[in-house]
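All of the numbers you see were taken from the coordinates with simple rules; none came from a lab. Only a predicted model underlies this, so the values are computations on that prediction, with no experimental measurement involved. Cβ coordinates were reconstructed from backbone atoms using ideal geometry, including for glycine residues, and neighbour counts include every protein chain displayed.
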């Protein structure tokens with residue numbers, strides 16, 4: 001009988017014991033006094049926890065254990081050259097693709113730019129061996145100059161009524177074709 005009485009008394013005490021309302025319940029009820037009291041209680045608990053943490057940290061610092069806060073070292077920053085490089089692989093999409101066609105055919109004798117170098121319009125990129133074409137151009141320029149000089153002489157003679165009309169016309173035709 002004693003056992004039953006003890007069990008019933010315990011059950012009664014447990015069932016009558018009230019639990020503290022949660023924060024969500026207090027906010028739902030809208031009781032400002034209860035909310036203010038809960039805030040004060042939580043602030044007191046926070047202060048108590050902060051004080052306990054400070055005591056633990058002080059104890060660890062005094063007894064050589066690793067401190068909770070990490071030590072920080074400093075250094076003076078100097079202006080220096082940053083010369084670190086990385087190699088990357090990838091593809092490049094250009095704004096404009098250009099096909100280069102030479103003005104004349106021949107072998108490349110010298111390249112003036114490197115792969116990947118920036119170039120601009122009109123810049124000479126390479127030298128082509130013309131295979132004697134430049135000599136032919138010089139020879140044609142000399143022939144043109146000779147034809148011009150001969151025509152001028154023939155014209156002066158024609159103006160003085162010296163020489164034949166055929167010679168003058170032939171030289172005039174040669175001058176126009178050169």
Item checked: Evaluated at q = 0.16, 0.31 Å⁻¹: base-10 log I(q)/I(0), Debye formula over Cα of segment 23-66 -> -0.55, -0.95
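So for each of 160-172, 116-128, 88-100 I average, over its residues, the number of other beta carbons within 10 Å; can you give me the resulting order with the highest mean first? Write down the numbers at each step before the final one.
On the way: 160-172: 12.0, 116-128: 9.2, 88-100: 5.0.
Most protected by this proxy first, the peptides run 160-172, 116-128, 88-100.
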Checklist line | Packing-based order for 26-35, 102-111, 75-84, using average beta carbon neighbours within 10 Å, highest first | finding: 26-35, 102-111, 75-84
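With 15 Å as the cut-off, how large is the P(r) tail for segment 134-177, expressed as percent of Cα-Cα pairs? Walk me through the numbers before you get to the answer.
On the way: 415 of 946 pairs.
I get 44 percent for the Cα pairs in segment 134-177 exceeding 15 Å.
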Notebook entry, point to check: Out of every Cα pair in the chain, what percent are spaced more than 28 Å from each other?
Noted result: 76
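Which value in deg cm²/dmol, rounded to the nearest 500, describes the helix-derived mean residue ellipticity at 222 nm for the chain, given -39,500 (n - 2.57) per DSSP H run of n ≥ 4 and division by the residue count?
On the way: 5 runs with 93 residues, N = 178.
Computed mean residue ellipticity for the chain: -18000 deg cm²/dmol.
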Checklist line | Nearest-ten-degree value, helix 133-159 long axis tilted from longest Cα axis of the chain | finding: 40
Note to self: Multiplying the sequence separation of residue 96 and residue 142 by 0.36 nm and subtracting their Cα-Cα distance, what value in nm do you get?
What the structure shows: 12.3 nm
